[in-house]
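The values are calculated or read from the model by the stated rules, or taken from the named source; none is laboratory data. All values derive from a computational prediction rather than experimental measurement. Positions of Cβ are generated from backbone atoms using ideal geometry, with glycine treated the same way; all protein chains shown enter the neighbour counts. Quick note on the areas: whole protein, heavy atoms, side chains included, nothing else; ligands and nucleic acids left out. Shrake-Rupley method; radii C 1.70, N 1.55, O 1.52, S 1.80 Å.
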Amino acid sequence: MYASRNRARKLHKVAKKIRELMADGEDMDVLHESHGVFRREQDEQLVQWMNRRPDDWTLSAGGSGTIYGWGHNHRGQLGGIEGAKVKVPTPCEALATLRPVQLIGGEQTLFAVTADGKLYATGYGAGGRLGIGGTESVSTPTLLESIQHVFIKKVAVNSGGKHCLALSSEGEVYSWGEAEDGKLGHGNRSPCDRPRVIESLRGIEVVDVAAGGAHSACVTAAGDLYTWGKGRYGRLGHSDSEDQLKPKLVEALQGHRVVDIACGSGDAQTLCLTDDDTVWSWGDGDYGKLGRGGSDGCKVPMKIDSLTGLGVIKVECGSQFSVALTKSGAVYTWGKGDYHRLGHGSDDHVRRPRQVQGLQGKKVIAIATGSLHCVCCTEDGEVYTWGDNDEGQLGDGTTNAIQRPRLVAALQGKKVNRVACGSAHTLAWSTSKPASAGKLPAQVPMEYNHLQEIPVLALRNRLLLLHHISELFCPCIPMFDLEGSLDETGLGPSVGFDTLRGILISQGKEAAFRKVVQATMVRDRQHGPVVELNRIQVKRSRSKGGLAGPDGTKSVFGQMCAKMSSFSPDSLLLPHRVWKVKFVGESVDDCGGGYSESIAEICEELQNGLTPLLIVTPNGRDESGANRDCYLFNPAARAPVHSSMLRFLGVLLGIAIRTGSPLSLNLAEPVWKQLAGMSLTIADLSEVDKDFIPGLMYIRDNEATSEEFEAMSLPFAVPSASGQDVQLSSKHMHITLDNRAEYVRLAINYRLHEFDEQVAAVREGMARVVPVPLLSLFTGYELETMVCGSPDIPLHLLKSVATYKGIEPSAPLIQWFWEVMESFSNTERSLFLRFVWGRTRLPRTIADFRGRDFVIQVLDKYNPPDHFLPESYTCFFLLKLPRYSCKQVLEEKLKYAIHFCKSIDTDDYARIALTGEPAADDSSDDSDNEDVDSFASDSTQDYLTGH
């Protein structure tokens, strides 16, 4: 009975989501609930379609109907509404088309969060406060491209604020804008013009954020409060007035569960609400804004006794005043009273919370504060404003201040249920369903054969159901033993959790996985141990068989493997450089580029024959079939030294997942399946060896007589993936008519389990770095993208993190550069990344860039510019370009650089290699100093320029 009711409740929630997406005239059906139509293979293909082609679907209505804006608009902060001072509510189509689920304003700015987690900004760009890169102002909503692949749940900005915080669905916090007093939380006072993740909060699940004028705060899932930024007047709550450059726990609130937080501006206060119905305040006490009578400040949280027990559900901070909203819909204000910002009918300061009488009899459901004005809406859909009106922000058609809450007549009948404020601008909207809520694909792609006969609307509804299942299940993942199965008590069928991997939505699985990884992150050091690697010896030691020394031990991979014994367990749990490199005989000062180069070199060695661990697929050897350019584990790699190397390979895979730094490894998909804990199938064997199964079928179905079979003299052996014959039985020497069925069974079994030993060793190494049991939730394809990122190099991702020095983004040289990059093949783009960053793949998401910008610097010192090559500084992800005269010259020089100058070693090494002569003392192109200027030797330069 209970299970039936519970199922009905879940289906009711799904039906509600479906109705939000239904077009007018569309009938509701229950085809998506049918297990006869949707079996496991249909569900798995449907989820695969959504994961691989997410732009085909919009699965959330979210968002808003008509959005009205008014007030100060000199910088375009109303997002497309005409006029510098808008005195009456005016529809904003540009905002409405985004269907935002949150709008919030700052100092002449506005931010919109959409249902699919995208973030848009409009308005004043000074100090990088918009987060779109640079300091230009924009007058229409502009996507923050640098975090477009991060699902943003909420943005926080003070109505008078010049910095912002954004909270992702994975509980990570990003910040950007002005950075005085350390309010961005990055450990410094340097501004950011793009969102950058706050590293010290990684591993702590954050559920809410708040921003003041000069300080910031966040609340964790455990109800703890962290604050950082300006400490003057004790606004951070740490019992002192010290600035904090990184988030710090407010210890005075330990034992209380914080559920809401607000930060003020100017000589600021901070308010918070705890789950025991208590409001706390601290910081500057001028004008009584702490709410305890008098003007005394305090440096630790103290209760506002007069609000206890009133059922406060929301607190807000304006400029020198405070606001509280109760669950019964009552509004309380206190603090500075001029400009009538408190709504009590006078400009007196109020030193204890006082209910706003003008709203009595109305149930307020939402309230927002500007710098000097307020706006709220009631359960009846009415909007009220009061306070300063110099910019028309109260929406009554005048610029006269309003002493008490007044109905905004222009919005009567609009059923508004959401309001927002900026410094002197106001917004109101309704969350009624837009006319066209959901995006549907026109047809089912041909590769999804199990879905061809199912209506697209039923597929959309089924996806919503699968999303709901994932939302319920994924947060509970840490509670279960994923190495076991559901029937360990013997009370049910044997169903391992890995059977769910194909129907759980990637986003939910990854969030659960990342939460575990972040919780085990070690953050107390810049890098792991310093290791010496000798690249010069690699070529010298390469044997005739292709290996670099015995079993590849002289390769960079082999050298690193030998040094792993000196690594403590903690050093493998760093969020960035797990080791620091010193290349023997090379003048590289590793500030990150050397580490990246060592990883790239290792990946190259694994696939070029210098090490014995990987072999090309049989299809690759025969130059036919799929996966010709992919690799398998070498089944002959069974010696103890090979096992050690395979474990180190597993460590590398784990590091790539933990740090978000992709590996350029082209392993066949069946390999990834096994690493994820999946069993191989006959179809997987055909993917890498197209002739294997047909060969067995020929033997099984051959109509030859017993004598003819014996005359063929077929050995009772199977070719391994490496092409070596493996005897399958000591009992049989040849295949006969009587034993051929046994031969086929043994041959398939051998090939299905051929790599088990190697896979086990690699997974053992991965387990040192990441929670391997959780990999049972992922498909092979999903694991590959976690380790390797995208094999394609999407330029939009690179553009989104690009910044420019010495040149404007719109300059012809920059346009030529991106056009050349567009024309590059994927291989050339990979070479370019190797040249400029020491990597061959981009991270999968913007978050994995860890705030690192791709810097393009143009200098006029290269004279004449067409005679010089580009320069790179891999530690700083920096490309220096001469001011080339035309696109053709830029393309020619850039191609030469990426093909022939890909090593990050200094010019000394290059000159010795080219001329045989040691060069004069010069600085490394990978040094700590961004302004180092080093070029090839004169002879090399003459060769390149034709002089």
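Points worth noting:
- Residue check for residue 500: among the aliphatic types (A, V, I, L, M) and at pLDDT 80 or above: yes
- Filter result (within 15 Å of residue 117 (Cβ to Cβ), open to solvent by less than 10 Å² (accessible area, probe 1.4 Å) and assigned to a loop (DSSP other than H, G, I, E, B)) within the range 156-194: 171
- Taken across the range 85-98, residues that are of a type in the set (Val, Ile, Thr), touching a His at 6+ places or on another chain (Cβ under 9 Å) and assigned to a strand (DSSP E or B) do occur, with at least one present.
- Close pairs (6 angstrom Cβ cut-off, 6 or more residues apart or separate chains): farther than 9 Å from residue 384 by Cβ and open to solvent by less than 50 Å² (accessible area, probe 1.4 Å) in the range 396-407, of a type in the set (A, V, I, L, M) and not in a loop (DSSP other than H, G, I, E, B) anywhere: 397/88
- Only one entry in 808, 764, 784 is surrounded by 17 or more Cβ atoms within 10 Å (Cβ to Cβ) and acidic (Asp, Glu), namely 784.
- Positions within the range 63-105 being open to solvent by 30 Å² or more (accessible area, probe 1.4 Å), among the β-branched types (Val, Ile, Thr) and within 20 Å of residue 402 (Cβ to Cβ), in sequence order: 88, 90
- Subset of the range 266-307 [part of a loop (DSSP other than H, G, I, E, B) and either open to solvent by less than 20 Å² (accessible area, probe 1.4 Å) or of a type in the set (A, V, I, L, M) (or both)]: 268, 284, 285, 289, 290, 291, 304
- Taking residues in the range 274-286 that are within 17 Å of residue 328 (Cα to Cα), and partners anywhere that are of a type in the set (Ser, Thr, Tyr) and open to solvent by 10 Å² or more (accessible area, probe 1.4 Å), the pairs with Cβ atoms closer than 6 Å and at least 6 places apart or on different chains are 278/308.
- Long-range neighbours under 6 Å by Cβ, at least six apart or interchain, first residue under 18 Å from residue 185 (Cβ atoms) within the range 249-270, second among the hydroxyl-bearing types (Ser, Thr, Tyr): 249/226; 250/227; 258/274; 263/270; 265/319
- Considering the range 238-263, the residues that are touching a Lys or Arg at 6+ places or on another chain (Cβ under 7 Å) and in a loop (DSSP other than H, G, I, E, B) include one that is surrounded by the fewest Cβ atoms within 10 Å (Cβ to Cβ), namely 240.
- Number of the exception - residue 389 against (1) surrounded by 15 or more Cβ atoms within 10 Å (Cβ to Cβ); (2) modelled with pLDDT under 90; (3) of a type outside the set (Val, Ile, Thr): (2)
- Filtered by the rule that a residue be more than 17 Å from residue 227 (Cα to Cα) and within 41 Å of the chain's Cα centre (by Cα), the range 293-308 gives 297, 303, 304, 307, 308.
- Whichever residue in the range 627-645 is closer than 19 Å to residue 683 by Cβ and assigned to a loop (DSSP other than H, G, I, E, B) and, among such residues, is farthest from the chain's Cα centre (by Cα): 628
- If you go through the range 308-327 and keep only what is of a type outside the set (A, V, I, L, M, F, W, C) and open to solvent by 20 Å² or more (accessible area, probe 1.4 Å), you end up with 308, 309, 314, 316, 319, 320, 327.
- Leading residue by the ranking (nearest to residue 321 (Cα to Cα)) among those in the range 204-223 that are assigned to a loop (DSSP other than H, G, I, E, B) and open to solvent by 10 Å² or more (accessible area, probe 1.4 Å): 213
- Within the range 787-804, the set of residues being open to solvent by less than 20 Å² (accessible area, probe 1.4 Å) and of a type outside the set (A, V, I, L, M, F, W, C) comprises 789, 800.
- Lone qualifier among 137, 146 - being over 26 Å from residue 475 (Cβ atoms), open to solvent by less than 10 Å² (accessible area, probe 1.4 Å), modelled with pLDDT under 95 and polar (S, T, N, Q): 146
- Of the listed requirements (1) in a loop (DSSP other than H, G, I, E, B); (2) crowded, with 19+ Cβ neighbours inside 10 Å; (3) at pLDDT 80 or above, residue 36 misses just one: (2).
- Residue within the range 195-203 that is in a loop (DSSP other than H, G, I, E, B), of a type outside the set (Lys, Arg) and either without any contact (Cβ under 8 Å) to a residue 12 or more places away in the chain or within 24 Å of residue 143 (Cα to Cα) (or both) present: yes
- Any hit, the range 356-379, residues being within 39 Å of the chain's Cα centre (by Cα) and open to solvent by 50 Å² or more (accessible area, probe 1.4 Å): yes
- Selection count where residues are buried (at least 21 other Cβ atoms within 10 Å of the Cβ) and outside any strand (DSSP E or B), scope the range 875-892: 5
- Filtered residues of the range 65-112 (kept if touching a residue at least 12 places away in the same chain (Cβ under 8 Å), of a type in the set (Val, Ile, Thr) and more than 10 Å from residue 429 (Cα to Cα)): 81, 86, 88, 90, 101, 104, 109
- Scanning the range 698-736 for residues that are assigned to a loop (DSSP other than H, G, I, E, B), open to solvent by less than 70 Å² (accessible area, probe 1.4 Å) and of a type in the set (Ser, Thr, Tyr) yields 705, 713, 720, 722, 729, 736.
- When residues of the range 475-497 are limited to those that are more than 24 Å from residue 204 (Cβ to Cβ) and among the β-branched types (Val, Ile, Thr), the one modelled with the highest pLDDT: 495
To keep it simple, each residue is scored yes or no on (1) in a loop (DSSP other than H, G, I, E, B); (2) surrounded by fewer than 23 Cβ atoms within 10 Å (Cβ to Cβ); (3) among the hydrophobic types (A, V, I, L, M, F, W, C); (4) at positive phi.
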{"position": "571", "(1), (2), (3), (4)": "no, yes, no, no"}
{"position": "575", "(1), (2), (3), (4)": "yes, yes, no, no"}
{"position": "585", "(1), (2), (3), (4)": "yes, yes, no, yes"}
{"position": "596", "(1), (2), (3), (4)": "no, no, no, no"}
{"position": "599", "(1), (2), (3), (4)": "no, no, yes, no"}
{"position": "625", "(1), (2), (3), (4)": "yes, yes, no, yes"}
{"position": "652", "(1), (2), (3), (4)": "no, no, yes, no"}
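- Scanning the range 610-623 for residues that are β-branched (Val, Ile, Thr) and open to solvent by 10 Å² or more (accessible area, probe 1.4 Å) turns up 615, 616.
- Test: residue in the range 746-754 that is out of contact with any Pro (no Cβ under 6 Å at 6 or more places or on another chain), modelled with pLDDT of 90 or more and in a loop (DSSP other than H, G, I, E, B): yes
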